[in-house]
Each structure stands twice: as C-alpha cells, then as structure tokens.
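The values are calculated or read from the model by the stated rules, or taken from the named source; none is laboratory data. Everything quoted here is computed from the prediction, not taken from an experiment. Virtual Cβ from ideal backbone geometry, glycine too; neighbours counted across all protein chains shown.
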Amino acid sequence: MRRITSTLAGLALAACSDPLPELEVQGKQLTLQVCEGVQEISTEPVVLKHWDSEGVLASWKARKGTGRIRSTRAVFTFEEQGILELRDVPQGAYDRIRLDMRTPRDGRLQLDLQDSEGNKLHRASIYFGNSDPDQLKNLEFPLQKVRKKLGDVGRVILHFPKGLDTLTITGITFLGTTPESWLPDPRAPAMTAMGSDHRMAAGLSSRRPLETKFEAQAGLNFSFDFAAPDGLRDNSDSALTLEFIDDTGRTLAEHEFAVPVNSWRTEQVTIDASLAQAGTLTARLSLAPGRGGTVTACALTPPRVDGRQSDPRTVLLLTSDTHRADYLGFMERMEVDTPTLDRLATEGVAFTDCWAAANVTNPAHISIMTGTGVQDHGVVSNDIPASPKFLTLAEAFAERGYRTFAVLSAAHLAWGGIEQGFERMSSPDRAARDSSETIAILEEWLRDGSTDGRPLFVWLHLFDAHGAYRPPPPYDTMYQPEDGEDPKDPANAGRWGEVEMPSWCSQVTDPRYVEALYRGEVTYQDNALGELLDRQPRLERDLLVFVGDHGENLYDQGPNFDHTGLTTVTQHIPLILAGSRVPQMGLVQQPVTQVNVGRTLLDLAGLGGTEFPGTNLLLGLDAEPAGEPVTRFALQAHALKASAKRGRWYLNHNLYARQRSEGVRVPNHAMVLFDLEADPDCKVNVLDDNREVALDLRAQLLRWLMDSRVAEYLTSDYRTDEATLKALAGLGYAPGSALPDNNPWIDPECACEWCEAYPIGKPDR
C-alpha cells in the first residue's frame, strides 16, 4: 500500500523550538526460536473420530428436520432451528470438534456439551460469515479450556440457525492435539488472553525450550511476561528457568520463577558487568515437566532488552467513544463542564472542525490506527476484522523501540485487527466497562516497572458517552432540567416533536432528561481523565491526543440517542493535541479528519522518517487558506451510505438499501444536499436548487469510492466468537454482512434513475 511520509514545517517547527532528532532505538523485542537439537513436535491435530456424510446420518439424530444423502453429501432440511445430537460420544483425549459444512447464508452455530443426564457442561458459539454458498466452511470449536470436563460428556448437540433449509454437512470430526498446539507457535506469536489481559505471546513447553540471542550491555534490562492457562496445568507447580549462556555453551547465570495460572507475571533481570563481558548472550527459557513426566506448557511473551533513559518519551492516544464535538466546555455551545479538556485545548491545539471516517466504533478506530479511510480498509461494521496487511500505528512505534499498551473499554475493539503491534491489550470481559475500571488497569501497568525509563505508546479508549447513558451520582442529576417536571409524564409526548426514546430509557417521555444524562457522562469522563493526568503526569508531558471516534444523534438528527445514521453530528468529533511537543495555538478552524492523527503523532514524537500514511495535521496552519475548501468523505456502517462535506455543503449519498429479512443489500443511489450555513440541523434538502453543487460533490465522492484499494485488503469470510456477538448485541449492534468481491461500493455503470439524472457523477476510468 502507498505510504505518505511528511515532516513538520512552518509554524509547527517554530513553536517546538529545534527540530527533534530521530529517536535512537534503545529498546528491542527479541525473536524466540526453538533450541537447537530439540526434536520437532507436531502440532497437527490427530483424528480420533470422523463421521462422513453417511456416518452423520447414521449416528447423529436430527431434531425438527430430516436428512438425506445427495452426491455423497448429507443434506438436512429443518422446519425451524436445526438440531443435531450425538449420544454415542467417543472416548479419548479429544479437545476440538470440527464441522465441515456449506450454508446458503451467514448465521451462528452453537455447540452444547452435556453429561448423560442432560446437565450442561459447556456451551460455545461461532458466527460464520456470508460467502459463496458452495464454499466449504470448516468451523472448529476449541475445547482445551474445558479439558477437565470432557470425560463427563455424554451428549454433543449442535444448534443451527433458522432458515438453513439446505444445510449440507460433509463431515464431523473429533480431534486431539498436543499441549504445544494450544498456544501460538514461537515462530508466529499472537495475542493470548489471560482473562481480560491479552499479551503477544508464544507457547513454551517442557519438551520445547526456547532461546534468543542478544548483545549484552551492563545495565540492560532483560524482561518477559508469562502465564499458564488453567487447562494446561495439572496439580503440580510448574517452574520456568532462565539461563544466560555464553558462546562456548557455558551457563553464566540461572534464574527460576514459579509459573502463575490465568494471570500474567512480569520478570526483569538486569544485565550486570560480569554478564556484559561475554558480549553475545543466549537466553534460554525452559519449563520443568509435571508429575509423572507430564508435559507442561505456558504462554511466554518474546523477551525485550531495554536500556533505561533519563527522559523517555511518552505518547498517549486517548479515544473517546461516541463523543460529539459540541459537547466540550470550550466550544461554548451548551452548558457542559469539561475542565480537563478545556485546559488541554488552551495549552495545545484544538481542531474545532474535525470529521470522523465512519459512524461506528471499529471502522473509525481502524482508520485512526492505519491512517487509511474506510473506503480502503473495508471494515464497515464492528464484527468485521481488519486485514493484517496494514501497518498499524502501534507497529510503527514498536519498530522504534517503544513499549506499546492498549487499555480498552469496549470488548469488540479487542479482536478487530487493531491489536497488531501492541504488546499488551486489556479489554472488558463483558460488553463495556466504566472509565474508572479502564484507567485503574492502565495505572496498574504503569506501576509494574515494565515502562520505567522506556519510551511508551499508550492507547486509552473510554466509552462513557456511549449509550446507555448511566453516569454515577452526582453526574446523573447534574444537568437535569430545573423546572421540576416529571420526565416520565405521558403528557410530554409530542411536546418536542417526534422523539423515539431508546429501549434502555423507554419509560421516559422528556428527551431533555436523556440528553442531560449524556452530558453527565461527558463530565464524569472528563473528571476521571483529569484525575488520571494528575496522578500520572508522564502521560501528558510529551504528547497527548484526544479524539472522538464518532459522534451521536441526540434528538436533533437521525435516529434519536444513537449513531446509526451518517449525519453531521455523528461525524463532527473533538480533536485536541497537547504536550511539550505541541505548539500552543488554542482553537483552530482548519478542516481535518481523524485519519491523519497517526501520521501527526509520529512526526511530533520525532519519528518523521517512519513509514505511515497520512499528512501531519499541523502542516499549513500558519498559511492562508488557498483555493477551494477541502472535501472530506465518510462511509456509514454496513456501507449503506457515503457523505461528502465541502465548506457549507453536505451531500449524503445512498449506496445500498439493506433488506434485513434476506440479509442482502440492493443498490439505492438517492441523494440529499444540505446547506449547513442556513440549515445546520439538516432539515431542508436543497438538492433541486443546487444541482451544480450536487453534481460536483457526487463526482468527487464517486471518484473517492472507485479509487479505493479495498479489494486488496478485504476479509470477505470471517467468524465471530460468541463473546463478541453478545457484546455487540448488548450495545445495540447487529452483525454486519461481508462485502462483495472487488470494489463493493458502487457500480460505475449503474443506470438507476439517480445515476441517469446525475451522469457527471460517473468517474472517468
């Protein structure tokens, strides 16, 4: 992909005194490898029992449906929700169940494990994406974490969603694996969870020791994290041994550590002068076997070597979910107290005209983390993961020696491909959590010593302003109307127009009450942030950015108290830069987008030579605006609409109409145009009176869409785990649909009435 590199210029450089030198890399993550001479251990699963199509029909009972063989395939037709049940459960050390099937649409597959009496032992679900109905789906349920219960399983039940009237099953397989296969391969570390704490790690076992080499220097810190999942522990206490070995094979030092269960432990060893004399050292990590020689295993993060810096740089990316730009005290649009953000805006730069790339959480955050718009990365809903081909902001900082931590307040952010480049990531074990909980975890990490004297990039995500709005006292009553009226009085109906109350506040009839709760959440979050910065001054000392992911419709535009639609209030977001590396400019009206936040942070951190897309937000702020105002674009969730904003004009363009009953989308290219100077709330469509404006904006919008590189990155088939589905449902999000192959946004040859009426909008190819 194309990456645009920029450097600071003009006012930004002058305000920051001398240009920052490129930061010398003092920290490094090492690469683990299996020790030489250790026999290769197969991680391929062993088939313990397999049913082909005929075997499935013979052994698995279909409830509320029938099955038959067609062309060596078992084809089932279910009246309602389909159920297959197996009671003759094979005995053996299986720890995975795989189903190979073809389905006409997407849906959720549920697995229930019961004992012989029908008591539930375990339940799990997989959401499978929408793709070619002839494509074979291999859906696998890992059962390692419930290994101790598998000996009691007497019934295995598979639940299929409604509407799969031609479910084709080619096989069901019980598989057994080795402990080494339960954790990531040392050659490809991956995020590994211990509760809500995810860390980039690989598998270490008692028969597969690992090692790494590094140049020893006195004072260098050698550090790593480790933990054993509960399913990998027997009743014995496992011990991890770290040896430092010179190039002659002599062990110079040895350390032993107890392995914790289901929680990470961080260990650091300082290289002393005697070890440094050896020059190149091999660090070997090994595990003792369990009782009776049983294989033990644990997750191990790739070790780091870091030198201590007297003044390590810190970069804080703070994203505020569902935060409208006008709900800030310094914007002076309404009564809302945000003293922390007001101070940061005064001390740094606050962009009063920042635009979001999308109106939902994951697509907007992926734009921030990759420096690319939704039209390129293709993530249009919260349940579609980003492509691993993208360079992320965390990876860019990690390559330059930064520790990289992410602490999130919404569960669905943790799995969406944004984790690339982060060493640690914490996400809630439920749909969302309060900012106080999230901040407490970050402070715990800052206290464990792993970041002392080391440059640090932190992403802190706060979710308080997202519905349902439930601020704690006294914030829940801080902004309530003082007229004393009952917010649940039925007589209020229609008083403020047609306002549909959210399901979590359905008894309320006064929308002012709900809006006041939103304001209370904003002030509560601001106070929590202020207390954090008071306790941890390092976080704002060098470089801090506060940015919204998207805004919120209250009862002014779009679906009330939601961000479902693409509107000016779901796209207009706060953006503040602060810290010693940021010029003090106060409020600036330059039109910008959140997509360029990453490039700006790298430049201000002194990493201007690091490859990453985008343009520095501070460039040109001291220059007079030249020519036509910039046009900014966005995509709505599920790619149903796109928008273009230039100056006073805002074009909202349909792309598809979603037919939820069939789970498909159909083209729909209707448009509306608003004059924001005369009509800031977008109540009057002025399309017919401003045809030339609409033609020009539509032409730009379609060129932006058709120049997309989404086909290079799009993940068209995906699966979402049950925890993520529950989290999304709890927040009011429906699963998305994977997009068509190639460029999915709009057909340049479309001949619908709108495309015929606005032919200039067809892009030149």
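Regarding region 492-500, can at least one residue be identified that is under 12 Å from Y475 (Cα atoms) and either part of a loop (DSSP other than H, G, I, E, B) or modelled with pLDDT of 95 or more (or both)? Break it down into steps so the answer makes sense when it comes.
Let us first name the residues in region 492-500 that are under 12 Å from Y475 (Cα atoms), namely none.
Within region 492-500 (the criterion being under 12 Å from Y475 (Cα atoms) and either part of a loop (DSSP other than H, G, I, E, B) or modelled with pLDDT of 95 or more (or both)), the answer is no, since none of the residues qualifies.
Output yes when any residue across region 561-573 is among the aliphatic types (A, V, I, L, M), in a strand (DSSP E or B) and under 21 Å from L460 (Cβ atoms), and no when none is.
Residues of region 561-573 that are among the aliphatic types (A, V, I, L, M), as a first pass: 566, 569, 573.
After this cut, where a residue has to be in a strand (DSSP E or B) as well, the list is 573.
In the following step, the residues that additionally are under 21 Å from L460 (Cβ atoms) were identified as 573.
Looking through region 561-573, at least one residue is among the aliphatic types (A, V, I, L, M), in a strand (DSSP E or B) and under 21 Å from L460 (Cβ atoms).
Conditions (1) farther than 20 Å from D230 by Cα; (2) touching a helix residue (DSSP H, G or I) at 6+ places or on another chain (Cβ under 8 Å); (3) in the same structural domain as P90 (by TED's automatic domain parsing); (4) not aliphatic (A, V, I, L, M), marked per residue:
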{"site": "F128", "(1), (2), (3), (4)": "yes, no, yes, yes"}
{"site": "D134", "(1), (2), (3), (4)": "yes, no, yes, yes"}
{"site": "K149", "(1), (2), (3), (4)": "no, no, yes, yes"}
{"site": "V153", "(1), (2), (3), (4)": "no, no, yes, no"}
{"site": "T173", "(1), (2), (3), (4)": "yes, no, yes, yes"}
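Can you tell me which residue is surrounded by the fewest Cβ atoms within 10 Å (Cβ to Cβ) among those in region 367-415 that are more than 12 Å from the chain's Cα centre (by Cα) and free of Cβ contacts under 8 Å to residues at least 40 places away in the same chain?
Here the residue is P388.
Could you check how many residues of region 513-535 are basic (K, R) and surrounded by fewer than 19 Cβ atoms within 10 Å (Cβ to Cβ)?
Our first condition is that a residue be basic (K, R); within region 513-535, this holds for 519, 535.
If we keep only those that are surrounded by fewer than 19 Cβ atoms within 10 Å (Cβ to Cβ) too, we end up with 535.
Summing the residues that are basic (K, R) and surrounded by fewer than 19 Cβ atoms within 10 Å (Cβ to Cβ) in region 513-535 gives 1.
Just checking, which of A364, A411 is touching a strand residue (DSSP E or B) at 6+ places or on another chain (Cβ under 8 Å) and over 21 Å from L602 (Cβ atoms)? Give the steps one after another, and end with the answer.
Numbers: A364 fails: over 21 Å from L602 (Cβ atoms).
None of the others qualify; the one that does is A411.
Just one of (1) at negative phi; (2) surrounded by fewer than 16 Cβ atoms within 10 Å (Cβ to Cβ); (3) modelled with pLDDT of 80 or more trips up R68, so point out which.
The one condition R68 does not meet is (3).
Give, as residue ranges, the strands (runs of 3 or more DSSP E) completely inside region 280-333 that count at least 2 residues that are within 30 Å of W182 (Cα to Cα) and of a type in the set (A, V, I, L, M). It would help to see each step written out before you state the result.
Details: elements: 280-287, 297-300, 304-306, 314-320.
Once the strands (runs of 3 or more DSSP E) in region 280-333 are filtered for at least 2 residues that are within 30 Å of W182 (Cα to Cα) and of a type in the set (A, V, I, L, M), what remains is 280-287, 297-300.
For R87, indicate whether it is modelled with pLDDT of 80 or more, over 38 Å from the mean Cα position of the chain (by Cα) and in the same structural domain as P104 (by TED's automatic domain parsing). Please lay out each step first, then the result.
Working: modelled with pLDDT of 80 or more: yes; over 38 Å from the mean Cα position of the chain (by Cα): yes; in the same structural domain as P104 (by TED's automatic domain parsing): yes.
Spelling it out, R87 is indeed modelled with pLDDT of 80 or more, over 38 Å from the mean Cα position of the chain (by Cα) and in the same structural domain as P104 (by TED's automatic domain parsing).
Working only within region 445-499, note down all residues that are farther than 22 Å from D562 by Cα and of a type in the set (D, E, K, R).
Taking region 445-499 and keeping what is farther than 22 Å from D562 by Cα, we get 445-460, 473-474, 482-486, 489-491.
Passing the criteria: R447, D448, D452, R454, E482, D483, E485, D486, D489.
I need the helices (runs of 4 or more DSSP H) fully contained in region 683-765, keeping only those with at least 3 residues that are modelled with pLDDT under 90. It would help to see each step written out before you state the result.
Details: elements: 691-706, 722-730, 753-757.
Result: 722-730, 753-757.
What are the pairs, 6+ residues apart or on separate chains, where a residue within region 96-113 that is assigned by TED's automatic domain parsing to the domain that holds V56 has its Cβ under 6 Å from a residue that is in a strand (DSSP E or B) and among the basic types (K, R)?
From residues that are assigned by TED's automatic domain parsing to the domain that holds V56, the pairs are M101/K137; D112/R123.
For residues that are out of contact with any Ser or Thr (no Cβ under 9 Å at 6 or more places or on another chain) and of a type outside the set (A, V, I, L, M, F, W, C), scanning just region 537-558, find the one that is surrounded by the fewest Cβ atoms within 10 Å (Cβ to Cβ). Steps first, please.
Just the residues of region 537-558 that are out of contact with any Ser or Thr (no Cβ under 9 Å at 6 or more places or on another chain), to begin with: 537, 554-555.
If we keep only those that are of a type outside the set (A, V, I, L, M, F, W, C) too, we end up with 537, 555.
Numbers: P537: 10, Y555: 17.
Going through the qualifying residues, I end up with P537.
Quick check on this structure: which one of L635, L607, L640, L587 is assigned by TED's automatic domain parsing to the domain that holds N362, in contact with a helix residue (DSSP H, G or I) (Cβ under 6 Å, 6 or more places away or on another chain) and not hydroxyl-bearing (S, T, Y)?
Details: L607 fails: in contact with a helix residue (DSSP H, G or I) (Cβ under 6 Å, 6 or more places away or on another chain); L640 fails: in contact with a helix residue (DSSP H, G or I) (Cβ under 6 Å, 6 or more places away or on another chain); L587 fails: in contact with a helix residue (DSSP H, G or I) (Cβ under 6 Å, 6 or more places away or on another chain).
Just a single option satisfies the conditions, and that option is L635.
So which residues in region 104-121 are among the small types (G, A, S) and in a strand (DSSP E or B)? Let's see the steps before the verdict.
Here is the first cut: in region 104-121, the residues among the small types (G, A, S) are 107, 116, 118.
The one that is among the small types (G, A, S) and in a strand (DSSP E or B): G107.
What tally of residues in region 456-491 results from selecting those that are hydrophobic (A, V, I, L, M, F, W, C), within 27 Å of the chain's Cα centre (by Cα) and either in a loop (DSSP other than H, G, I, E, B) or not assigned by TED's automatic domain parsing to the domain that holds I573 (or both)?
From region 456-491, those hydrophobic (A, V, I, L, M, F, W, C) are 456-460, 462-463, 465, 468, 478, 491; that's our starting set.
Filter once more, so that each one left must be within 27 Å of the chain's Cα centre (by Cα): 456-460, 462-463, 465, 468.
From what is left, the residues that are either in a loop (DSSP other than H, G, I, E, B) or not assigned by TED's automatic domain parsing to the domain that holds I573 (or both) are 463, 465, 468.
So the count comes out to 3.
Output yes when any residue across region 503-511 is assigned to a helix (DSSP H, G or I) and surrounded by fewer than 13 Cβ atoms within 10 Å (Cβ to Cβ), and no when none is.
Here is the first cut: in region 503-511, the ones assigned to a helix (DSSP H, G or I) are 503-505, 511.
Right, trim to surrounded by fewer than 13 Cβ atoms within 10 Å (Cβ to Cβ) and you get 503.
Scanning region 503-511 turns up at least one residue that is assigned to a helix (DSSP H, G or I) and surrounded by fewer than 13 Cβ atoms within 10 Å (Cβ to Cβ).
I want to confirm something. Restricting to region 212-251 and keeping residues that are among the acidic types (D, E) and surrounded by fewer than 21 Cβ atoms within 10 Å (Cβ to Cβ), which single residue is farthest from R265 (Cα to Cα)?
Our first condition is that a residue be among the acidic types (D, E); within region 212-251, this holds for 215, 225, 230, 234, 237, 243, 246-247.
With surrounded by fewer than 21 Cβ atoms within 10 Å (Cβ to Cβ) added as a condition, the list becomes 215, 230, 234, 237, 243, 246-247.
Details: E215: 25, D230: 15, D234: 19, D237: 15, E243: 18, D246: 27, D247: 29 Å.
The extreme case among them is D247.
Take E444 and tell me if it is in contact (Cβ under 8 Å) with a residue 12 or more places away in the chain and not hydrophobic (A, V, I, L, M, F, W, C).
no
Only one residue in A288, A253, A239, A188 is of a type outside the set (D, E, K, R), farther than 21 Å from R424 by Cβ, free of Cβ contacts under 8 Å to residues at least 40 places away in the same chain and in contact with a strand residue (DSSP E or B) (Cβ under 9 Å, 6 or more places away or on another chain), so which one is that?
Values: A288 fails: free of Cβ contacts under 8 Å to residues at least 40 places away in the same chain; A239 fails: free of Cβ contacts under 8 Å to residues at least 40 places away in the same chain; A188 fails: farther than 21 Å from R424 by Cβ.
Exactly one of A288, A253, A239, A188 is of a type outside the set (D, E, K, R), farther than 21 Å from R424 by Cβ, free of Cβ contacts under 8 Å to residues at least 40 places away in the same chain and in contact with a strand residue (DSSP E or B) (Cβ under 9 Å, 6 or more places away or on another chain), namely A253.
Residues of region 427-445 being over 11 Å from the mean Cα position of the chain (by Cα) and closer than 27 Å to F612 by Cα, which ones? Outline the logic, then answer.
Filtering region 427-445 down to residues over 11 Å from the mean Cα position of the chain (by Cα) leaves 428-445.
L442 - this is the single residue of region 427-445 that is over 11 Å from the mean Cα position of the chain (by Cα) and closer than 27 Å to F612 by Cα.
Which one is surrounded by the most Cβ atoms within 10 Å (Cβ to Cβ), of the residues in region 416-432 that are more than 16 Å from L393 (Cα to Cα) and of a type outside the set (D, E)?
So the first thing to find is which residues in region 416-432 are more than 16 Å from L393 (Cα to Cα), and the list is 426-432.
From the residues that got through so far, the ones that are of a type outside the set (D, E) too are 426-428, 430-432.
On the way: S426: 23, S427: 27, P428: 21, R430: 13, A431: 21, A432: 22.
Ranking the candidates gives S427 first.
Against the definition (more than 36 Å from the chain's Cα centre (by Cα) and at pLDDT 85 or above), how does L48 come out, yes or no?
Yes.
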